[in-house]
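Okay, structure first, notes after.
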Amino acid sequence: MRKPLTMAMPKGRIFEEAAGLLRQAGYALPGSFEESRKLIVDVPEENIRFILAKPMDVPTYVEHGVADIGVAGKDVMLEEARDVYEVLDLQISACHMAVAALPGYEKGELNPKVASKYPNLAATYFKEQGEQVEIIKLNGSIELAPLIGLANRIVDIVSTGQTLVENGLAELEKIKPITSRLIVNPVSYRTRAVEIDEMVERLSTVVGGDVE
Ligand code: PRP
């Protein structure tokens, strides 16, 4: 049998939606797939090996060719700028990137600071806006930053908006809509073209439908 196609999947909230999409596309994933804590899951029936990575790391595995394909959020793609092909908008995990602050915030503070898990994306955005700010990189719980005075504004993902509401923050500007993408290693795109094209085709037919 041919070497399995290796697919990097993002652990966490996108994983179930991505797995649901693959099932809808007819890939026979084991029932325990989503519950398992294993980081490498072989599905010999489909000749696919799944690796479960941190969402931010998926493009790294794909760029280095240890995964042929992967599922990565547009947020991660914009932040990481990896040398991979983005071949399909999976239209799952829809949310948007936004600037938020405490209500009543007005620009013009002396040393503007912005906290974010996405320092490159945030820096690009403020540069485009012609505003000079200091970006403070955090790894999570970004909404804390304005509450305790680390930064006046944040750049973060807004999905339901619940986190902003519960922490008394308000959205100031929408930066970009975000969905998950199917990404491919450029070499694999040539050497595994048949399997990859088939997957893109099968996923394209279910994208936009109800995901289990
Ligand atoms: C993300 C994001 C927001 C929250 C938005 O955080 O950073 O904090 O979800 O979702 P909502 O609009 O539906 O409330 P995540 O849960 O991934 O954890 P993190 O704080 O560790 O980044």
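A short reminder: the numbers here are calculations on the coordinates, not readings from a lab. A quick note: this is a predicted structure, and the numbers were derived from the prediction, not measured. Cβ placement follows ideal geometry from the backbone for every residue including glycine, while neighbour counts extend to all protein chains displayed.
Excluding same-chain neighbours fewer than eight residues apart, the aspartates and glutamates reachable from Lys127 by a Cα-Cα span under 20 Å are Asp75, Glu79, Glu80, Glu106, Glu109, Asp156, Glu171, Glu173. Calculated mean residue ellipticity, 222 nm, the chain: -8000 deg cm²/dmol, from DSSP H runs (n ≥ 4) at -39500 (n - 2.57) each, averaged per residue and rounded to 500. For every other residue with a beta carbon closer than 13 angstrom to the beta carbon of Asp42, add +1 if it is Lys or Arg and -1 if Asp or Glu, then tell me the sum. Local net charge: +1.
Were the residues from Thr160 through Tyr105 laid out at 0.36 nm apart, the gain over their Cα-Cα distance would be 17.6 nm.
Mean projected area of the Cα convex hull of the chain, taken over all directions, amounts to 12.6 nm².
Can you check what the net charge comes to around Glu63, using other residues whose Cβ is under 15 Å from the Cβ of Glu63 (Lys, Arg +1; Asp, Glu -1)? If you can, show how the numbers build up before the last one.
Values: positive: Lys54, Arg82, Arg181; negative: Asp57, Asp68, Glu79, Glu80, Asp83, Glu86.
Neighbour charge sum, excluding Glu63 itself: -3.
Calculated on C-alpha atoms, the gyration radius of segment 110-212 divided by its Kirkwood radius gives an Rg/Rh of 1.13. Have a look at Asp89, Asp197, Asp68 and tell me which one the Gaussian network model of the chain (Cα, springs below 10 Å) gives the largest fluctuation. In the Gaussian network model the winner is Asp197.
Here Ser116, Ser188, Ser36 are placed in order of increasing Cβ neighbour count within 10 Å, fewest first, which gives Ser36, Ser188, Ser116. The convex hull of the Cα atoms of segment 16-70, projected and averaged over all directions, covers 3.9 nm².
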